[in-house]
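Taken together, the values in this text are just the output of simple stated rules run on the coordinates, not laboratory data. Because the structure is a prediction, the values reported are computed rather than measured. Here the Cβ positions follow ideal geometry from the backbone for every residue, glycine too, while neighbour counts run over all protein chains shown.
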Amino acid sequence: MNTLVTQAFRYIGKKRRTKEDPRFVTGHGRFVADIALPGMKHVALVTSPHAAARIKAIRVERALASPGVQYVLTGAELCAETEPLQVGVDAPKVLRYPLAHGVVRYSGEWVAAVVADSRALAEDAAEKVEVDYEPTEYVLDPEKAIEPGAALVHPLHGSNILYRRKFVWGPVDDDFARAEHRLALRVRWGRSASVPIETFGVAAQWDPGQQLLDVWASIQMPKYPDQTARSLRLPGNAVRVHFDVDVGGSYGVKRGIKHTVLVGFLAKRLGMPVRFIEDRLENMRGGDMHGPDRIFDMQVAFDSDGTIRALKMRALDDVGAYAGRSPLQLGKPVGAIVGPYQIHSVEYEPISVLTNKTAQEAVRGFGQSPTNYALESIIDRVARHLGMDRVALRKKNFIRKDQFPYLIPSGTTYDSGDYHTVLDKALAAADYPALVARRDAARKTGRLAGIGIASCLEPSGANSSFEPLFNPKNDTTTWMDSCLVRVDLSGSITGVMNTSSAGQGHETLVATVLGEVLERDPDTIRVVHADSLTALPSNSPVGSRMAIMLGGAAAGAARKIKAALLAIAAHNLKKAVSELEYREGSVGVKGDAKRSLSWAELVAIAHRKFHLLPPGLEPGLQAKFVWEVPTGGGLPTADGRIQMYPCFSFEAHLVLVEIDPATGQPKLLRYVCGHDCGVMINPDIVHGMTYGGIAHGIGAALYEKFAFSDNGQLESQSFMDYLIPTALEVPEISIVDHCTPSPLTSFGQKGSGEAGYLGAPAAIACAINDALDPLGASIAELPMTPLAIWMQMQTARAGGKRSPP
Amino acid sequence: MSEQLYSISIEVNGERREALVAARLTLVDFLRDSLRLTGTHAGCEHGICGACSVLLDGEPVRSCLMYAVQADGRSLITIEGLALPDGTPGALQDAFCEAHALQCGYCTPGMIIAAHALLEANPAPDEREIREAIGGSLCRCTGYQQIVDAIKLAAGKRTENSA
C-alpha cells in the first residue's frame, strides 16, 4: 500500500468496522424470506421433465381441489396478459415468459404455478397438475446447434445463433504473417455459476385502492422496476420495489425478473400477497442462473524473444434456451480483450448460441473470468513453446506503468496500473524461488506438483457499452448512479442510496465517504435504501461499480452540503468563502480561531433561520448528486471499437498445487494474490470480497459444474452434486496490496467486487497443467475435477497420448 | 382433509415454547414461521449448506433435516440466543464484526452456531480444527478466511477472560 495515499484520508483506507455486520451476526438481517405479509399465499411450480416438448394438454382440476389451493396459473393465461421479458440483443422472436406456453425448451422450465395457503400445500397440489407432453427434437451441444439442420430452440428466430460478429481491430493478418511463431489452443470454460446460499425470492402485494404493486425481492439487477412494470403492462410508477431487503449473496445472478413478473401477476390477479422462494432444486434447474459455458478457439502470433504480436479469439457461448442479458457477457471482455499485455492487433469472434438447457444469467465478472482463463492459458502455452520463464514472458509483454492511459486495439483506454510491481510483490510474498524449489522437491519424490501464475485485469465502474456494441437498436449510453444526503434539524446525517445490497457493504461505503468529505464520524451517519418510487436513478451494484459510482455520488452530494455550509458561514461572518476554513463541520475565519460557526449553528440556520440564510440558498440542508460513469457516453465505431468500463484493477495470482497421485485430488498448498484496486475505501471489505472471489474461482476451476445428461437432464441439482468449496478446500490466502490510484475517480478508488474470481481459475488451471506437464499430460477444460485429473494421469501412465490441446 | 396436529414443548433460547404442529413441519420452518425467529436461514433444505444450524441440547444440528416434533422436550439455541440480553452482539458475534467475517450475512448464523459449538468443546482450537468445525457450512462471500480469523480472535478473548 502506498502510505502517502492513505495518510491523506481521515476514514478512507482505515481499519473500521462495517455498519452492516451487527444486524447479521445477531440474526436480524431482513431477507426476502423474512417478509411476512398478512394473508400471504405461497407458490410452488410444475416444471418440465423434457428438454424439448410440445405441451398438448394441462389439467388442473385435481390440483385446484387440493386443500388450501387458491389458484393454478398456466402459460396460456400469463402469456396473454403480460409482455415478453427483454432480450439483450436484437432477437425479438426469442420470446420468453415466466411460464412456458405451447412448448417447453429445457428440462426444469416452469409450466404452471400453484398458489396455496402454504408452500407445503402448494407443493402437494403441484403434484396433481397433469401435463401431457409430446417430446420433440432437442440440441444440447452448442457446436452442433450452429450446424445446418440442427433442431431449433426457437424456430421463429430461424437459427440457434443469437449473436455472432467478427471484430477485427488492427492489422491482425499482417501481424500473424510477420510473426516468427504461431500457436493455436482450444480451451473450454464449464457451466458453473455463483450460486448464492440464499436462493432467489420475491414477495408482492397489489393495493387496488392505490393501484400499486409493492415488491420485495432478493434482487441485484439494473432497471428491474422498469422491466417488471413493462412486462406487467403497468406504468413505472405503479411498481414500488423495496430496496431495503437484504440480499443473501448474488455475485451477478440475482436477476429474477421472470420470478417477479410471475409473482406480481399473481398478486394482482388474486388480490392477495403472494411469495415465491426458490427451493434449491428450482434454483438450480429453472432459476435461470447458470453462468457462461464457453469454447475458446485461440491463435496467437509471437516472436522468438517472447513479444506477443497479435491474438485471434473465437468464443462460442452456450446461453441455454432463453436470453436476457446473457449474450452481452461476450461483450464486456471487449474492454479488456488483451488483458494486461501490449498486443498490437486482435480478432474477436463472439458467438452466442441457444441450446435446450437452463438459461444463462450474469455471473461475477460478466464473462471476463472465462476470457482471462483463455488468455492466460495461451500465454502459458507460448512460454512452454519458447522454453521461456512464464514470469519473464508476462513481464516482457506487460503494459508499463509509464504507458498509461493506455489505448488497447478494441478502443478502450485503461486508466492506470503498475503490473510489474504488483507481480513482483506477489512473487516476493510467495518467496517464488522457494516455491519453485518446493515444487521441484515434490517432483523429485515422484509427486505431482505445479505452480500457477495468472496476471489478470478486473474492469470496474460498469457502464453499458456492450449494449450498443451488440445491439445497434439499443443506443443506451447513460449508466448513472446517485446519492441523496440529508442533514436533519438535529444535525444528524443520513445518506440515501438507491438500490439493494448483496453483501458489498454499501452502507459502510456511503457512510465512510460522507464522513470523509464532511469530516464527521461515519459511525454517526445512517445510510438507508430508498424504494424505487423515491429513489434517484441507479444502475445497481453490477460490474464492480459501487466504490466508484456510489462512492463518487456520495462524495459529490457531500461536497454540495459542504458548499452550502460555507455559503451560510460566509453570509453570517461577512467574509468571502475563500477566507473561510471548514473544520470537522464547523466553519471559521482563516487565522481567527474565535470567529466561527459550529455545525449545530449552521444546521439551525439552514433549517430554522431563514432570516440568516443567504439569498438564493435552498432552505434545509440536503443535496443530491447524480453522475454518469467516467469516460462513459460514447457509442461504438463502425468497426466495433468502444470505451468499455473506465477503471482497471489488476490481480497477480500465484498458487502451488500438489495432486494426490492415488485420487487425482488437487491440494492448494500456497496461495498469494497481489492486488491493486487503487485506493481502498474499507480494506476489510475489499479483502473479504477478494478472498471470496478466489474461493469462487477455486470452485469454477476444480469442482463446480452444471452437467447435463445426453437427454438434457440437469445432473447436478443439489449441493451433493454441485460442489461449492468448503473451508477445507479453500487454503489460507495471502493478499498483497498495492495502490495505483485511478485518475478518474473521487479518491483514486477502482472497483473490486469481482476481485479474485477474475484470476483464480486461470491461475489454478495453469498450476494443474504445470503439475501434469512432467507426465506429458494437460487439461484444457474447466472444471479440472479430481476425476478429470485422474483420467489424464491414467492415460499418461499407460503411455497414452497427450489429450488434444 | 386437514392435517393432524401434535402438541410440542421446546425450550428455545431459554424460554419454554408450546405449539400445535403438523408432523411434517420442519424445525427450520417452525422456528422461522411459527416463532418468527428468522435469524435461522434455509439455504438448501437438504442438509449440506449449514445455514439452518441451531444448537440442540448444545449440539449443532441442521434444522432443515429435523421435524419440529423431534425437538419436543429438548432445548434449542438459535443465533438470536447468542446475543446479549439487550440484543447487541455477544462475544463471538462481536468477533465476527471485528474481523468482518461476513458479507451478505446469509450463512452467518449457521457459521456462528458451528463456531460456538467448537469453542464450547475446544476453547483453543488451531486453524485445522477451526476449518474442520466450519467445514460443514458453506459460505459464498468470504472464502472463509475472515471467519477463521474471527474464531481465532474469539478463542483468544475467551482464554484472556478465563485467565
- Approximate spin-label separation A:GLU143-A:VAL577, in nm, with each point projected 7 Å along Cα-to-Cβ: 6.4
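Using a 10 Å cut-off around each Cβ of peptide B:82-89, what is the average number of partner chain Cβ atoms that fall inside? Spell out each step's value before the answer.
Values: counts 3, 5, 1, 0, 0, 4, 3, 6.
Taking all residues of B:82-89 together, the mean is 3.
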- Which of A:LYS268/A:LYS705; A:LYS144/A:LYS705; A:LYS41/A:LYS128 exceed 30 Å between C-alpha atoms? The answer is A:LYS268/A:LYS705
- Would you please give the FRET efficiency between A:ALA441 and A:ASP660, computed as 1/(1 + (r/R0)^6) with r the Cβ-Cβ distance and R0 = 22 Å, to the nearest 0.05? 0.85
- Item | Calculated FRET efficiency for the pair B:ASP86/A:GLN713, C-beta based, R₀ 56 Å, to 0.05 | 0.60
- Which angle between 0 and 90 degrees, to the nearest 10, do you get for helix B:145-162 versus the longest principal axis of chain B when only C-alpha atoms count? 80
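Using the alpha carbon gyration tensor of segment A:393-521, what are the three equivalent-ellipsoid semi-axes (square root of 5 times each eigenvalue), largest first, in whole Å?
Numbers: eigenvalues 351, 129, 53 Å².
In descending order, the three semi-axes are 42, 25, 16 Å.
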- Please find the FRET efficiency linking B:GLU59 to A:ALA8, where r is the Cβ-Cβ separation and R0 is fixed at 51 Å, and quote it to the nearest 0.05. 0.50
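Rule-of-thumb check for segment A:465-621: C-alpha Rg over 2.2 N^0.38 Å?
Details: Rg = 18.3 Å, N = 157, 2.2 N^0.38 = 15.0 Å.
For segment A:465-621, the normalised Cα radius of gyration is 1.22.
Taking the alpha carbon gyration tensor of segment B:18-163, what are the square roots of 5 times its eigenvalues, largest first, to the nearest whole Å? Don't skip to the end; give the middle numbers.
Values: eigenvalues 136, 51, 38 Å².
Largest first, segment B:18-163 gives 26, 16, 14 Å.
With N denoting the number of residues in segment A:146-217, provide Rg(C-alpha) divided by 2.2 N^0.38 Å, to two decimal places. Could the numbers behind the result be given before it?
Numbers: Rg = 24.3 Å, N = 72, 2.2 N^0.38 = 11.2 Å.
The value comes to 2.18.
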- Task: Inverting the mean 1/r over all pairs of different Cα atoms, compute the Kirkwood radius of segment B:91-162 and quote it in Å.
- Result: 11.8
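Strictly over 19 Å apart at the Cα level, which of A:LYS14/A:LYS425; A:LYS14/A:LYS562; A:LYS223/A:LYS258; A:LYS562/A:LYS750; A:LYS19/A:LYS624 would you flag in this model?
Table pairs above 19 Å Cα-Cα are A:LYS14/A:LYS425; A:LYS14/A:LYS562; A:LYS562/A:LYS750; A:LYS19/A:LYS624.
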- Item | Residues of segment A:481-516 with amide N under 18 Å of a point placed 7 Å along Cα→Cβ from A:PHE610 | A:489
- Pop a pseudo-label 7 angstrom from the Cα along the beta-carbon direction at both A:GLU83 and A:LYS15 and give the gap in nm to one decimal. 5.3
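What helices does chain A have that are whole DSSP H segments, at least 30 Å long along their own axis by Cα, and with mean Kyte-Doolittle hydropathy of 0.5 or more?
Values: long enough: A:546-573 (38 Å, 1.15).
Long hydrophobic helices here: A:546-573.
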- Query: So what's the gap between the Cα centers of segment A:583-608 and segment A:148-193, to the nearest angstrom?
  - Reply: 63
- For A:55-66, what's the mean count of beta carbons from other chains sitting within 10 Å of each residue's beta carbon? 0
- Task: Based on the mean of other Cβ atoms within 10 Å per residue, sort peptides A:530-536, B:28-34 so the most packed one is first.
- Result: B:28-34, A:530-536
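At 0.36 nm per residue, and after removing the present C-alpha to C-alpha distance, how many nm does the segment from A:ALA392 to A:ARG182 gain when stretched out fully?
Working: separation 210, 0.36 × 210 = 75.60 nm, distance 1.91 nm.
Result for the pair: 73.7 nm of gain on full extension.
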- Message: Using alpha carbons only, how many angstrom separate the centre of segment A:412-465 from the centre of segment A:623-647?
- Response: 30
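Can you give the extra length, in nm with one decimal, that the chain gains between A:THR476 and A:ILE161 once fully stretched, where that is 0.36 nm per residue apart less the Cα-Cα distance?
Details: separation 315, 0.36 × 315 = 113.40 nm, distance 2.35 nm.
Taking 0.36 nm per residue and subtracting the Cα distance, the gain is 111.1 nm.
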- Message: Residue by residue through A:718-731, how many Cβ atoms from other chains fall within 10 Å of the Cβ on average?
- Response: 6
- Item | A:ASN237 versus A:GLU61: modelled label distance in nm, points set 7 Å from Cα along the beta carbon direction | 4.8
- Where Rh is the Kirkwood radius over the Cα pairs of segment A:200-277, the temperature 25 °C and the viscosity 0.890 mPa s, what D in µm²/s does Stokes-Einstein return? 201
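Do me a favour and compute the ellipsoid semi-axes for segment B:5-81 from its Cα gyration tensor, root of five times each eigenvalue, largest one first, whole Å.
17, 14, 11
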- Query: Of the peptides A:111-123, A:253-265, how do they stack up when ordered by the mean number of other Cβ atoms within 10 Å, highest first?
  - Reply: A:253-265, A:111-123
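Order A:465-472, A:440-447 from most to least packed using the mean count of other Cβ atoms within 10 Å. It would help to have the intermediate numbers written out before the result.
Working: A:465-472: 22.0, A:440-447: 11.6.
The densest-packed peptide leads the list: A:465-472, A:440-447.
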- Item | Between 0 and 90°, nearest 10: helix B:108-121 axis offset from chain B longest Cα axis | 70
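If I stretch the segment between A:ARG23 and A:ARG595 completely, what's the gain in nm (0.36 nm per residue apart, minus their alpha carbon distance), one decimal? Could you put the intermediate results ahead of the total?
On the way: separation 572, 0.36 × 572 = 205.92 nm, distance 4.26 nm.
Separation in residues times 0.36 nm, less the Cα-Cα distance, equals 201.7 nm.
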- Message: From zero outward in steps of 20 Å, how is the percent of C-alpha pairs of the protein assembly as shown spread across the bins?
- Response: 14, 45, 34, 7, 0
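Let me know the whole percent of all Cα-Cα pairs from segment A:459-505 that are separated by more than 11 Å. Intermediate values should be presented prior to the final figure.
Values: 835 of 1081 pairs.
Here the tail beyond 11 Å accounts for 77 percent of pairs.
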- Task: Return the whole-Å distance between the Cα centroid of segment B:90-140 and the Cα centroid of segment A:305-346.
- Result: 40
- Directionally averaged projected area (convex hull, Cα atoms, segment A:139-283), nm²: 14.1
